[in-house]
1. Restricting to the range 91-107, count the residues that are out of contact with any helix residue (DSSP H, G or I) (no Cβ under 7 Å at 6 or more places or on another chain) and part of a helix (DSSP H, G or I).
2. Read through the list (1) in contact (Cβ under 8 Å) with a residue 12 or more places away in the chain; (2) assigned to a loop (DSSP other than H, G, I, E, B), then give the number of the only condition that residue 35 fails.
3. Any residue in the range 66-73 that is surrounded by fewer than 18 Cβ atoms within 10 Å (Cβ to Cβ) and not assigned by TED's automatic domain parsing to the domain that holds residue 110?
4. Could you check how many residues of the range 19-32 are without any contact (Cβ under 8 Å) to a residue 12 or more places away in the chain and either within 25 Å of residue 68 (Cβ to Cβ) or assigned to a helix (DSSP H, G or I) (or both)?
5. Residue 32 - would you say it is assigned by TED's automatic domain parsing to the domain that holds residue 4 and within 29 Å of residue 4 (Cβ to Cβ)?
6. Residues of the range 65-88 being in a loop (DSSP other than H, G, I, E, B) and within 15 Å of residue 34 (Cα to Cα), which ones?
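The values are calculated or read from the model by the stated rules, or taken from the named source; none is laboratory data. All figures in this text were calculated on a predicted structure; none of them were measured in a lab. Cβ placement follows ideal geometry from the backbone for every residue including glycine, while neighbour counts extend to all protein chains displayed.
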């Protein structure tokens with residue numbers, strides 16, 4: 001039976017392969033960004049979220065997860081930018097639950113920026 005680390009490495013390899021082959025499936029790119037984040041490969045995660053954003057700017061979950069990741073790295077201005085963009089997209093799409101989560105995360109980032 002595979003260890004959690006082996007399963008994570010296998011998932012990562014699969015997602016890297018799928019995205020490298022040119023997939024525009026948002027779940028593949030989102031999953032890859034999440035895996036990079038879990039592995040503390042934050043710059044690669046950010047680049048992956050950015051790539052996803054270029055071809056699927058209405059994919060709401062990426063804004064929250066990228067914003068939270070950037071906040072974790074204390075990259076407050078970048079976190080604010082991603083979360084504000086997510087608020088705008090969630091508002092446009094009428095995604096109330098996501099909007100609440102984005103606003104809550106944004107409030108926390110704005111507090112850090114005010115300090």
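1. Here is the first cut: in the range 91-107, the ones out of contact with any helix residue (DSSP H, G or I) (no Cβ under 7 Å at 6 or more places or on another chain) are 92, 94, 96-97, 100, 104, 107.
Add one more test, that the residue is part of a helix (DSSP H, G or I), and what stays is 92, 96-97, 100, 104, 107.
The qualifying residues number 6.
2. (2)
3. No.
4. Residues that pass the stated criteria total 4.
5. For residue 32, the condition - assigned by TED's automatic domain parsing to the domain that holds residue 4 and within 29 Å of residue 4 (Cβ to Cβ) - is met.
6. In the first step, residues of the range 65-88 are kept if they are in a loop (DSSP other than H, G, I, E, B); the result is 73-75.
73 - this is the single residue of the range 65-88 that is in a loop (DSSP other than H, G, I, E, B) and within 15 Å of residue 34 (Cα to Cα).
Each row is one residue, and each column tells you yes or no for (1) surrounded by 19 or more Cβ atoms within 10 Å (Cβ to Cβ); (2) within 18 Å of residue 102 (Cα to Cα); (3) touching a residue at least 40 places away in the same chain (Cβ under 8 Å).
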site: 13; (1), (2), (3): no, no, no
site: 40; (1), (2), (3): no, no, no
site: 47; (1), (2), (3): no, no, no
site: 58; (1), (2), (3): no, yes, no
site: 63; (1), (2), (3): yes, yes, no
site: 76; (1), (2), (3): no, yes, no
site: 80; (1), (2), (3): yes, yes, no
